[in-house]
Each structure stands twice: as C-alpha cells, then as structure tokens.
Amino acid sequence: MDNEIYRLPRERLDSLIERLARDYRVVGPVKQGATWMWTDVRPGMPLALDYPTTMLPPRQFFAPMRETLFRYHRGDDGRFAFEEPAGERPFALLGVHGCDLTALRVLRAFHESSCRDRLVPGRLDRSFVMGLACWTPCLPESFCRDMGSLESESPASLYVWDIGGVLLVKVQTARGREIMRDVGALDAATPDELVALRKRLRTRPEAFPAQLQFAPEKLATSLKAAESDILWEATADRCLSCGRCNLVCPTCTCFDVGDQASLSGGDGTRTRSWTGCQVPGFSRVAGGHDFRPGRAQQLRYRIFRKGKYMPERYGMVGCTGCGRCATHCPTHISIREIFLQVGRAP
Ligand code: SF4
Ligand code: SF4
C-alpha cells in the first residue's frame, strides 16, 4: 500500500486544479462567511481542506436539486418527439470526506436499482473524486466512526491525508494516476512521512469516541423491535415538518417528478426535484389518501429507511453519521439519539 502513496506539496494544489479543469468542472469546499460551501474553484482560490463539512452534501452535483429530464413536442402527425438536455461537463470534487464518499455509494445503489436511472449513475461514472481523511469530527453531532464511514476511501480516485506540511495522496484508480502524473506528483512519500501518517491513523480513534456502543448492523433488528414504540410520538412532537433534515442529508434520495405542459398539452418539460419524507403531503396519493399522515409516522419512516430498509435493499446502512440533520434541525431532533435509544433496547 505504501508504494501507492505519493507526496503532493500544498503549492501543487493549483496545478492539480488547473489540470482537472481541462476535463471537469472543479468544485471544492470554500469558506463563505461563517460557513463552508461546495464552490467552483480556480487556481489561486483558497481551497479549505480543513473544512468541517458543508451544509448541502455533494449529492447536489449528481442528483441536482431540480433538473430537466426531457422536453417533448407533439408534431403535426400527432406523434411526440423527445429531446434530452445537452450533455454537461462532468464534475471533479476535491476534498470529499469519508461520510460523503459512503453516501455517494448509497446514491448509486438507489439510482441503479430502485429507479434504474441513467442520469445519476452516468454523472457518477464521469466524475472525478478526491477523498480527504478527517482527523477530528466535523460537527458535535457527527458519529461517522460508529457508522463505519470515517475510514471510507471509495469511490475516490485519489485519497488524501493532510499531515501538515505536505499532502499524502493514495492513488486508487488509473485515472487518478494519470492526473498525478500530469501534475508531476508521483514522488513517493518519504519513510518519515509514512511513519507520521501511521502514527496519526493509530491515534485518530481517540478523537472519535464511540457514541452508539453497538454495531450499525444491529439497527435493523433493533428498529423492528421498536416499530410501535412511544418514542416516535414523543420525538415527533418536536418536529416542525420543515424537511431540512431531508435537504441536508447526503443519503436522502427522494424526488418528485412533474410536467410543465403548454395549454394545448402538445409541448412540455418534465422535471425532477428534491422532496422529502418529512414534508407534509409527501405520502399523499390519488383520492387524497395519505398513508403516513402523522409526524410520528413520517419520522419513524425516515429512521426506518436509513437503519432498516436501505440495509435490506442495498446492503448498506443509509446513515453515514455525518451529523448534518441534527445540526440543522430547528428543534435539534438527533438521529444519533434515536439510534441510541432503539439500540439500547435488549
Ligand atoms: S429538520 Fe427537524 S423539525 Fe424539520 S422535518 Fe426534520 S426532524 Fe422535523
Ligand atoms: S440521517 Fe443525518 S446523520 Fe445520517 S447521513 Fe443523513 S444527515 Fe447524516
């Protein structure tokens, strides 16, 4: 493994951005006011590799908040013609944390299996991702180590450890090697740098104390046992149904599809946009029937989706422990607290 680790002096980051910009739209975390946001980056811009996560997750680049799926037009012969939007420039994401790398795998699993979508997997295939190791939790609510996402290095082409003076980069794909070669960064890490890296990796768990005290694999069983628990009513009493937890979550995948048609019905655009299970009306179907009408049922569904349904369907827990939902919930409803409560049950 050590042979695959190269040095990228910090001042070469600009060369990396410049090289990637030839083929990709390059985005990375940049500080804006008191927060950090995924932003288009150019050489010379301060890429915040020490950022403590962003409010909106990287899924925004692969499954955009709102996108046109196709336009349609009915010709004189009554037949419809369909036109797909022009191809976009693929993304290069720099500095994706383990929790968000894990979430990209969940995103792919959902779009490849549940809805057999071409667009999102296509964007993921064409993208370039540089992962970034964390040394401290991003947020007080983060519990990524418990959820197994702290050490996640896939699907990154390059994976970076910032050890201070220099960035150590693990090359994980042929494309990653090609990019590193083009920026002249194929000097192997020195023995001292590798010793420093191993030491930091050895002591890293101390910065991420266990918060759940049980393996995430146990969640599905624990949740099943808590299906009719009073916990849902009690917690949902504080829920405002604002949907923020859905918006900021890197593994939320729900979308709405709508047509904007001309009055004649002959022309139109079909769009897809984010929605969420905590938003009123999400589960309302034809005839006005709502199969999850109350906040307790909505909250229970979100937690079950993450901890039970996604593992059962995709073989992956649907929560990375990033801590965004609790951090941005106006009433501080914490999925970690809920997991803890259901996991404590015998
Ligand atoms: S962010 Fe909090 S209040 Fe808003 S819907 Fe989610 S759990 Fe409810
Ligand atoms: S449920 Fe909350 S903690 Fe889990 S991945 Fe989504 S935002 Fe992060």
Restricting to region 319-338, what's the tally of residues that are within 7 Å of ligand 2 (Cβ to nearest atom), in a helix (DSSP H, G or I) and touching an Asp or Glu at 6+ places or on another chain (Cβ under 6 Å)? 1
Of the criteria (1) surrounded by fewer than 19 Cβ atoms within 10 Å (Cβ to Cβ); (2) within 16 Å of ligand 1 (Cβ to nearest atom), which one residue 302 fails: (1)
With the requirement that a residue be within 25 Å of residue 136 (Cα to Cα) and aliphatic (A, V, I, L, M), what does region 11-65 give you? 13, 27, 30, 34, 37, 41, 45, 47, 48, 49, 55, 56
Which ones in region 6-31 are touching a helix residue (DSSP H, G or I) at 6+ places or on another chain (Cβ under 7 Å) and more than 20 Å from residue 46 (Cα to Cα)? 6
Options 225, 220, 207: the member that is at pLDDT below 95, within 25 Å of the chain's Cα centre (by Cα) and either more than 16 Å from ligand 1 (Cβ to nearest atom) or within 23 Å of residue 12 (Cα to Cα) (or both): 220
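The values are calculated or read from the model by the stated rules, or taken from the named source; none is laboratory data. Here the structure is a predicted model, which is why all the values come from computation and not from measurement. Methodologically, a virtual Cβ is constructed for each residue, glycine included, from the backbone with ideal geometry; neighbour enumeration extends over all protein chains shown.
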